[in-house]
Amino acid sequence: MGLTLAQSAQAVDPKAVPAGFDKTTASTPLGKNVPLASISGETYVTSQLLVQQTAYKLSDKIFSFSPESFDLDEAVKSWAQAGEKNIHGETTTVVPLQTRAGAGAFALGYIFSKDFDLSKRHIPQTLLAPSLSLRPLRAALDQLSLLYGVSSPFVAHIAAADYSANDGLVAEYETALQTAEELGLGLVSSSSAYEVQHMSLFATLLATVLPTLHIYDGLRAARETLRVVDALDQASIVAHYKSVANQASALNKRLDTAGKAIELLRAFNDEFGTSYSPFEYHGHESPDAVLVVFGSTESQLAKQVANGLAGDDNKVGVINVRIYRPFIEEAFLETLPSSVRQIAVLGQVRDAVSVDDVSIQSALYSDVLTAVAFSDKWGRAPEVVDVKYAASTVHTPSSIASILLSLVSKDVQDHVDFTLYSLQEAQQYTFWDVDNSAAAKSPSVLGTLLARESHKNVYINEVHDNLLHGGVVRTDIRSSKKPVEAPFEVEEADVVVVGEEKLLGDIAILKGAKAGGKLIVRLPNYKPEELEKRIPAVARAEIQTKGLEVFALDSAYSPALETDAQLLVELAFLKVTRPELTVEKLSQFSWLAQDQATLAEIADSLQQALYKVDVPSAWAETPADAPTAPLVQITRNSFAPFPKSEPEQVLDLQDWQTAAKGLAFKEAYGTESALRPDLTVKTFTIHVKENRRLTPAEYDRNIFHIEFDLGTSGLTYNIGEALGIHADNDPKQVLEFIESYGLAADDLVEVPSREDPAVSELRTVYQSLVQNLDILGKPPKRFYEALAEFATDPTEKAKLEHIGGKEGAEEFKRLTDVETVTYVDVLQDFGSARPSVHDLVRIVAPLKRREYSIASALAVTPTSVALMIVVVDWVDTRGRTRYGQATRYLSELAPGTAITASVKPSVMKLPARDTAPLIMAGLGTGLAPFRAFVQYRAMQKAQGKEIGAILLYLGSRHQREEYLYGEEWEAYVDAGVITLLGAAFSRDQPQKIYIQDRMRQTIDDIVKAYIKEEGSFYLCGPTWPVPDVTEVLQEAISREAKAAGRNRVNARNEIERLKEEGRYVLEVY
């Protein structure tokens, strides 16, 4: 079926979109700014857009806590800037705020200010935020709840979105449920964009009764572009809101909160002709088992799956929770069918560790269990079970079906294949590419084109993984005659388009291809005989197994195609999926190309650039030598690509007269005097007090103790923190470079701070090379690429480009890891490349501070700070002895020398309880923070305080040369401070003994201190012993559990729990 010119009223008009298709936001339809007045009737929207529309029209002020790239407030900010009016005839004020400790104080200050305009007391105040902001907002919400009798109505629209270091972005509801329960807030949930406008309105109305949270999925549902047919326009919002608000003001004052919520929902349904309920049942009319569900994706899927299974006479059902607080028990029990024998609660908890922890219950489970336990509806109450899932869990129809069927049958497999009925007639497409590809915007263009089909519902959703291949983007497009509620990734794509071939070797792309579907792969410089080499074996096998039709798209077929790769991909997709489309038909959409001639030229070239590939049967077999690494699934860890480049500051080489003007007329020239102004951290000047070598002079490792006098610097630090040293380059080597390169040491150069590009400083060339530029460090790949621009010798230019390119990876690795070349070495080796000082400042990386664990406790030595450091040295392939820049600098400092330092927080912290045992493992200079720990505990003991046991394990090569602080440790043992000292000197005997061996020999002491007495374990040093040391701890956990009769303890999960509690701490490098 071809495209038609018929077009519905759309919030985003494709005809008005330029060919560039640059997105301005991640939360509006197709990433475009949307005029407020255009949201009406049949239109393409996102849930987040509709939430913002409702908030803007009804609010006095909007307080926004939107982290960068979340874009929860982009629309309201643009409307406020344009002066759009709310229903009260004023421009709504939007106040962007940061999520931090004390967040919410600004909003409270406004609401309860003595200068607040009391004539606005009835107008709602609104908050836009992700669920990750609720914890910092808790104190403010608590105060608001206590003072709500004299407050304006307050509603918070919460996008369920949090960030996990392991799982990326997750749809997190648990915090909202707990916050609402503990603070007495209302909590309303939206399941999809089709109802989010209604629920935003209802939550705002409920805020006239109690402060209310409105929560919805902040990952997919909030951002998926889709069509709704009945979006309320501005006039409708005004009329409906005022009508229900009048009824709300007349509610019986004697009703409790639950009663008012019921009456308000009834008035809302009467006004809108809807049938919303606090709890909504779907499924078999006489179910044996019911699943109780909360959350957008969870509710959408559970409703459809339950209805589908019930159609096959499976006696299952679901109850979707729309109003969680107040939890209206009577309404819940009334919704439960009387036939039910088992009630399962699909309850979210924070992570996988919480799922496995039997002592943790989901918030929803507690409410359901209480309601059922105290009910007399049944002679024998149904069993209530908690089906917990982590916030990172990705739900699909199959996963929900598996849960439901497991409630009524013991024979159900872990995985049940289930396809939503609504998807059976939908066309589904998936696009994969790196986010800086020339064709990365093609899916948006095609989605816009498909959205012009007035008889179709089109759904467009993007997923960004910025940690793979520098940024990977997946775009799913669904097109269907009927509305589809499918809040999950496309699982059976009719067409898969891969814009970057290397993705096929790392990501499980074809897992989501439909059997018999089509695959388009962009393969520049395509040659049929090389195809098998370019498509990985695992992908070839999947292609053959699924019977996919494969199309190779050669975007380098002609030079014109490379510059129009985006249009080429779009036309290739249309040719494969809509072969009936002609150039004449496409010419109606002038925005596809810059001009009709280009469109016709690319369409004509497609005849030679798009090849249908014959798939040989041999592809079904995977060669024995094929890579065996498993393919990965991408992780949504951002809502947008990360910037690949930053604007460069223009720098000037200046003379002393210019500098003098800046100093004499500071205000006119914006000059500031500061201690190392290029550093964003707070710095201090401290002086060397002592610098002594700990290892013998003839020993091959120089490990030294250096102590600094704090004087009046104001520097303070906590136990376990690190001292940042701002070290200089070796002056002798810098002068040698200045002379060989032909520079003038006293010329002035303006140097930017790479840590804060807004700050620059004026320094001499000599000062800049000693203190600002890492000229004696290892250059990264981009330096070779940048240096190639300055090479005048063609051979040198080609070699630099080779090293800086993809094909030069091995050469770069050899230069970096084997020859350990510096910037100076490279500049000397490529003599025709002579960047000016101005350019060197631009392409040479800045010096960065080096951080070292502090080996002293401020409470014990209040006027000094100590470090233990090993000098890094090696002999390079040219026979030169090389040194680590910072360790050499520090080792040569004489007493009295001033240095610049800063303090960095650390994960190494003492337990809050003084009697908690410490189990510490330090290798070499990794002992430094433990010296501080022991010093502090020794001071406490001397003060008469009770302290916990201290088990100290240390490792080095030889006792005679590397028993670092050995006399101190033994003195602490004699004083009863250190309970057990386990020293492992690996090379003092024929059989090597390592730190984990000493731990295993004393495992009973570890069991007592770590498990029974709830101690904390710390490891500091290199990474290599982590698995072995952790294995000993797991053995200790298993041994203690077995002795206590707890044979089913999972030691690995216990380590994860201890890590969460701060009782398993690693600082490794």
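Tabulated data for the structure shown
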read-out: Top-ranked residue of the range 177-189 - restricted to ones that are assigned to a helix (DSSP H, G or I) and polar (S, T, N, Q), ranked as farthest from Leu137 (Cα to Cα); value: Gln178
read-out: Any chance Ile803 is surrounded by 19 or more Cβ atoms within 10 Å (Cβ to Cβ) and farther than 28 Å from Leu748 by Cβ; value: yes
read-out: The range 785-800: number of residues that are in contact with a Ser or Thr (Cβ under 7 Å, 6 or more places away or on another chain) and surrounded by 14 or more Cβ atoms within 10 Å (Cβ to Cβ); value: 2
read-out: From the options Leu927, Leu910, Leu893, residue that is farther than 16 Å from Asn718 by Cα and within 37 Å of the chain's Cα centre (by Cα); value: Leu927
read-out: Candidates Arg834, Arg763, Arg842, Arg782 - the one that is out of contact with any Leu (no Cβ under 9 Å at 6 or more places or on another chain), open to solvent by 10 Å² or more (accessible area, probe 1.4 Å) and not aliphatic (A, V, I, L, M); value: Arg782
read-out: Condition met for Gln544 (at negative phi and either at pLDDT 90 or above or hydrophobic (A, V, I, L, M, F, W, C) (or both)); value: yes
read-out: Near pairs, Cβ below 7 angstrom, 6+ apart or cross-chain, from the range 142-156 (in contact (Cβ under 8 Å) with a residue 40 or more places away in the chain and over 16 Å from Glu182 (Cα atoms)) to any residue that is surrounded by fewer than 23 Cβ atoms within 10 Å (Cβ to Cβ) and of a type in the set (Ser, Thr, Tyr); value: Pro153/Thr208
read-out: Output for the range 237-262, where each listed residue is among the polar types (S, T, N, Q) and touching a residue at least 40 places away in the same chain (Cβ under 8 Å); value: Ser249, Thr257
read-out: Only one of Thr297, Thr335 that is of a type in the set (S, T, N, Q), within 30 Å of Leu255 (Cα to Cα) and open to solvent by 10 Å² or more (accessible area, probe 1.4 Å); value: Thr335
read-out: Failed condition for Thr877, given (1) in contact (Cβ under 8 Å) with a residue 40 or more places away in the chain; (2) open to solvent by 10 Å² or more (accessible area, probe 1.4 Å); (3) within 23 Å of Leu773 (Cα to Cα); value: (3)
read-out: Residues within the range 157-176 that are assigned to a loop (DSSP other than H, G, I, E, B), under 9 Å from the mean Cα position of the chain (by Cα) and not polar (S, T, N, Q), tallied; value: 2
read-out: Where Thr419 falls short, out of the listed (1) under 25 Å from Ser27 (Cβ atoms); (2) touching a residue at least 60 places away in the same chain (Cβ under 8 Å); (3) not in a strand (DSSP E or B); value: (1)
read-out: Selection status of Lys511, within 26 Å of His464 (Cα to Cα), assigned to a helix (DSSP H, G or I) and either in contact with a Lys or Arg (Cβ under 7 Å, 6 or more places away or on another chain) or open to solvent by 30 Å² or more (accessible area, probe 1.4 Å) (or both); value: yes
read-out: Qualifying position, being crowded, with 21+ Cβ neighbours inside 10 Å and closer than 19 Å to Val496 by Cβ, among Leu567, Leu553; value: Leu553
read-out: Hits in the range 969-1003 - residues which are closer than 20 Å to Tyr1018 by Cβ and open to solvent by 80 Å² or more (accessible area, probe 1.4 Å); value: Thr979, Arg1000, Gln1001
read-out: Qualifying residues in the range 446-480 (those that are in contact (Cβ under 8 Å) with a residue 60 or more places away in the chain and among the small types (Gly, Ala, Ser)) - the one farthest from Val228 (Cα to Cα); value: Gly470
read-out: Tally, over the range 90-136, of residues that are of a type in the set (S, T, N, Q), under 16 Å from Ile62 (Cβ atoms) and crowded, with 17+ Cβ neighbours inside 10 Å; value: 5
read-out: Cross-chain or 6+ apart pairs with Cβ under 9 Å, the range 123-134 first and touching a residue at least 60 places away in the same chain (Cβ under 8 Å) and farther than 14 Å from Ala159 by Cα, then open to solvent by 10 Å² or more (accessible area, probe 1.4 Å) and in a helix (DSSP H, G or I); value: Gln125/Tyr110
read-out: Test: residue in the range 913-928 that is in contact with a Gly (Cβ under 7 Å, 6 or more places away or on another chain) and farther than 18 Å from Gly720 by Cβ; value: yes
read-out: Flag if Asp1028 is in a helix (DSSP H, G or I), in contact with a strand residue (DSSP E or B) (Cβ under 6 Å, 6 or more places away or on another chain), closer than 28 Å to Glu970 by Cα and without any contact (Cβ under 8 Å) to a residue 60 or more places away in the chain; value: no
read-out: Strands (runs of 3 or more DSSP E) fully within the range 764-876 counting 1 or more residues that are of a type in the set (A, V, I, L, M) and touching a Phe, Trp or Tyr at 6+ places or on another chain (Cβ under 6 Å); value: 864-870
read-out: Verdict on Val394 being open to solvent by 30 Å² or more (accessible area, probe 1.4 Å) and assigned to a loop (DSSP other than H, G, I, E, B); value: yes
read-out: Pair list, Cβ < 6 Å and 6+ apart or interchain, from the range 1036-1058 residues that are closer than 26 Å to Arg350 by Cβ to residues that are open to solvent by 60 Å² or more (accessible area, probe 1.4 Å) and at pLDDT below 90; value: Asn1053/Asp356
read-out: Pro287 being touching a Gly at 6+ places or on another chain (Cβ under 7 Å), open to solvent by less than 20 Å² (accessible area, probe 1.4 Å) and in contact (Cβ under 8 Å) with a residue 12 or more places away in the chain; value: yes
read-out: Identity of the residue in the range 605-617, in a helix (DSSP H, G or I) and in contact (Cβ under 8 Å) with a residue 12 or more places away in the chain, that ends up surrounded by the fewest Cβ atoms within 10 Å (Cβ to Cβ); value: Ser617
read-out: Filter pass, Asp357 being among the charged types (D, E, K, R) and either at positive phi or open to solvent by less than 20 Å² (accessible area, probe 1.4 Å) (or both); value: no
read-out: Residues being more than 20 Å from Thr764 (Cβ to Cβ), at pLDDT 90 or above and among the small types (Gly, Ala, Ser) - total across the range 805-841; value: 3
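Yes/no per residue for (1) at pLDDT below 90; (2) charged (D, E, K, R); (3) within 30 Å of Val749 (Cα to Cα):
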| residue | (1), (2), (3) |
| --- | --- |
| Asp655 | yes, yes, yes |
| Glu667 | yes, yes, yes |
| Arg676 | yes, yes, yes |
| Ile686 | no, no, yes |
| Asn691 | no, no, no |
| Phe704 | no, no, no |
| His726 | yes, no, yes |
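The values are calculated or read from the model by the stated rules, or taken from the named source; none is laboratory data. Because the structure is a prediction, the values reported are computed rather than measured. Cβ coordinates were reconstructed from backbone atoms using ideal geometry, including for glycine residues, and neighbour counts include every protein chain displayed. These accessible areas exclude ligands, DNA and RNA; they are computed on the full protein's heavy atoms, side chains included. Shrake-Rupley method; radii C 1.70, N 1.55, O 1.52, S 1.80 Å.
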